[in-house]
1. If you go through region 435-447 one residue at a time, how many are more than 16 Å from the chain's Cα centre (by Cα) and in contact (Cβ under 8 Å) with a residue 40 or more places away in the chain?
2. Which residues, taken from region 272-315, are under 21 Å from the mean Cα position of the chain (by Cα) and more than 20 Å from residue 474 (Cα to Cα)?
3. Taking the condition of being surrounded by fewer than 16 Cβ atoms within 10 Å (Cβ to Cβ) and part of a helix (DSSP H, G or I), how many residues in region 157-207 meet it?
4. Could you grab me the full set of residues in region 142-156 that are surrounded by 21 or more Cβ atoms within 10 Å (Cβ to Cβ), at pLDDT 90 or above and over 18 Å from residue 457 (Cα atoms)?
5. Tell me which of these residue 247 doesn't satisfy, since it passes every other one: (1) at pLDDT 95 or above; (2) crowded, with 16+ Cβ neighbours inside 10 Å; (3) outside any strand (DSSP E or B); (4) assigned by TED's automatic domain parsing to the domain that holds residue 63.
6. Considering only residues that are surrounded by 20 or more Cβ atoms within 10 Å (Cβ to Cβ) and over 15 Å from the mean Cα position of the chain (by Cα), look in region 411-433 and name the one that is farthest from residue 371 (Cα to Cα).
7. Return the residues of region 76-101 that are in a loop (DSSP other than H, G, I, E, B) and within 21 Å of residue 200 (Cα to Cα); say none if nothing qualifies.
8. From the residues in region 102-156 that are in a helix (DSSP H, G or I) and over 20 Å from the mean Cα position of the chain (by Cα), which one is nearest to residue 430 (Cα to Cα)?
């Protein structure tokens, strides 16, 4: 396939134009669609905030900071409701014939909130902030393929890659890569809080609230409908739902699935549910005993009752996973891999192979990791006991979980929203040396295929390689992935929206820009 045949439009990337619940009901995403209008203050009760939150894009993990900054800033490219990579700050983007050199032409009408026009220098600083030996960015691994970023005048940015990558445009939509202004020395001025988006920050209290105010000069005339937005950190799901029902907030994400049926019956509320790529994980450090033994890892995968977790934790709002992060919504999902079903006897077999019969392990968890995380590990504790594995559940504080537990404790609960491409998900979390390789896992064959699949332009060959990679991760990887979870948000009926994106909750975290007061 030559460069002119590259498929930049990825209709098949995410499943369907409507969300499908576990019960098989089609939920029309545009149910609240009506004529958009300006005005009002939206209040969002948001999970995932912490007192350690920072506006430095190198530190973004999840939560209200990301949702706020995707309203304050833009990316070169964004993912639309159909899962396609479409221009945002880039007016256009195109690869060369090998997909090794990518050219992005910038819009001429986009400005920062202080009136400065966005230029190639700002784009280069925004990406270089995540590159180099000194960066603290969790997205560093995704950009290791970039050998050079250069400007061709003020309005064109050229990325040179170490190898072809047919999916590179999708990578630039990652929430880490929001465009902020450059300082005179070429470094990123993230401290200024300036962005090209439809809102400016009025108040930032980490782990408490973020207040935004609409810009009158936003370059997108059909976005940024609210006059103001307030994002409140409410990590407890019960408190989040209570805030919605009492009128303290207008929108919440990640409701408590155990009581979701009560919200569905309540007048004046709308459930917004779509399928996607989100998944719960339980990573273990593969470079530390006892998790360095692949047979123990296999035993732990056969010791989890996935169906029970799906029914009791998600109340059916998701799908069973198979210890690979690539979801049914992804393009190259390997649906035919042998499923790791709950099998205590097989788990005992692998424990015996490892010489670890009767082993006792500690797993760290908090509901800040994901809705129902503690319930999930308690169910896991019970199912693992039948296989001769004693799991000691260590309940960690919600506040600071992502900075004090994740990537620091050898066995814990984690959560991923997934990524629109297989390469992005694998590069970010499973590649050797990746900053966010939460299981410290490395596999030579996997890493070899990662580079080959990224460079391959033949769709059939790419599918074969990604299939093998999923098989390797599922069998040998250091992460138990029991379930994929639907994205569920709940809003009052005074909130309007169009077709909702499936790439993350809250309309791909673009809720402040895309929704309005109905």
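The values are calculated or read from the model by the stated rules, or taken from the named source; none is laboratory data. Quick caveat, the model's predicted, so the values are computed rather than measured. Counting neighbours? That spans all protein chains shown, and the Cβs are built from the backbone with ideal geometry, glycine included.
1. Residues meeting the conditions: 4.
2. Those that are under 21 Å from the mean Cα position of the chain (by Cα) and more than 20 Å from residue 474 (Cα to Cα): 272, 273, 274, 275, 313, 314.
3. Residues meeting the conditions: 2.
4. Residues of region 142-156 surrounded by 21 or more Cβ atoms within 10 Å (Cβ to Cβ): 142-143, 145.
Going one step further and asking which of them are at pLDDT 90 or above, we end up with 143, 145.
Result: 143, single match.
5. With (1) at pLDDT 95 or above; (2) crowded, with 16+ Cβ neighbours inside 10 Å; (3) outside any strand (DSSP E or B); (4) assigned by TED's automatic domain parsing to the domain that holds residue 63 applied to residue 247, the lone miss is (2).
6. 431
7. Start the filter on region 76-101 by keeping residues that are in a loop (DSSP other than H, G, I, E, B), which leaves 76, 80-84, 88-89, 96-100.
The answer is 76, 88, 89.
8. 128
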